[in-house]
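Student: Structure in structure tokens, see below.
The values are calculated or read from the model by the stated rules, or taken from the named source; none is laboratory data. Because the structure is a prediction, the values reported are computed rather than measured. Glycine gets a Cβ as well: all are built from the backbone with ideal geometry, and neighbour counts include every protein chain shown.
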Amino acid sequence: MSGRFHPAVERARARWRSEPFAWGAADCIISVCDYLLDRTGIDPAAPWRGSYCTPEGAEAICLRHGAALGLMRHGMARAGFVPGEPVPGAAVVVDMFGHEITGIFLGGRQTMLRLEGRGLVDWPAPVLEAWPCA
């Protein structure tokens with residue numbers, strides 16, 4: 001897949017392969033927001049970045065907005081991102097076996113940070129919402 005995507009997508013995927021998952025620092029939502037910050041200079045996670053470091057803290061923030069999709073809608077709207085069609089490089093929230101997971105749309109597949117350890121998962125999960133970025 002290397003070289004087929006925007007350089008910021010490639011950098012995000014490289015980070016996800018090398019850095020371990022960490023709540024509040026390198027979890028699924030923060031990692032996608034880090035990608036957007038790298039690509040656009042805008043941080044959708046600014047309202048909650050640095051405010052949690054445990055699964056319970058992450059869950060509390062998500063539940064204030066319903067779940068991951070609601071939290072992303074909130075952060076993306078505050079940051080000025082507009083929902084749209086999933087295009088390669090778009091930030092997405094997908095349905096992964098009944099769980100709302102953030103990722104990056106690759107075109108037919110989405111790439112997501114693994115929940116444990118390090119690495120990523122490319123999977124054709126159904127997209128619940130997408131935010132294209134320039």
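Student: Is one or more of the residues making up the stretch 63-85 β-branched (V, I, T) and touching a Leu at 6+ places or on another chain (Cβ under 9 Å)?
Tutor: No - not one qualifying residue is present in the stretch 63-85.
Student: Restricting attention to the stretch 58-91, which residues are free of Cβ contacts under 8 Å to residues at least 24 places away in the same chain, in a loop (DSSP other than H, G, I, E, B) and surrounded by fewer than 15 Cβ atoms within 10 Å (Cβ to Cβ)?
Tutor: R64, G66
Student: Then there is this: Out of all the residues in the stretch 17-60, which are closer than 18 Å to H99 by Cβ, modelled with pLDDT of 95 or more and in contact with a Leu (Cβ under 6 Å, 6 or more places away or on another chain)?
Tutor: S31
Student: Which of the following residues is in a helix (DSSP H, G or I), touching a strand residue (DSSP E or B) at 6+ places or on another chain (Cβ under 9 Å), under 21 Å from R114 (Cβ atoms) and among the β-branched types (V, I, T): V32, V94?
Tutor: Step by step, each of V32, V94 is checked, and only V32 is in a helix (DSSP H, G or I), touching a strand residue (DSSP E or B) at 6+ places or on another chain (Cβ under 9 Å), under 21 Å from R114 (Cβ atoms) and among the β-branched types (V, I, T).
Student: Among what's in the stretch 1-26 and is charged (D, E, K, R) and in contact with a strand residue (DSSP E or B) (Cβ under 7 Å, 6 or more places away or on another chain), pick the residue that is surrounded by the most Cβ atoms within 10 Å (Cβ to Cβ).
Tutor: Selected residue: R13.
Student: Ok, one more. Starting from residues that are of a type in the set (D, E) and not in a loop (DSSP other than H, G, I, E, B), keep the ones in the stretch 100-134 and report whichever is surrounded by the most Cβ atoms within 10 Å (Cβ to Cβ).
Tutor: Checked the stretch 100-134; the qualifying residue surrounded by the most Cβ atoms within 10 Å (Cβ to Cβ) is E100.
Student: Turning to a different aspect of this structure: Considering every residue within the stretch 114-128, establish whether at least one is touching a residue at least 40 places away in the same chain (Cβ under 8 Å) and more than 26 Å from P20 (Cβ to Cβ).
Tutor: Yes.
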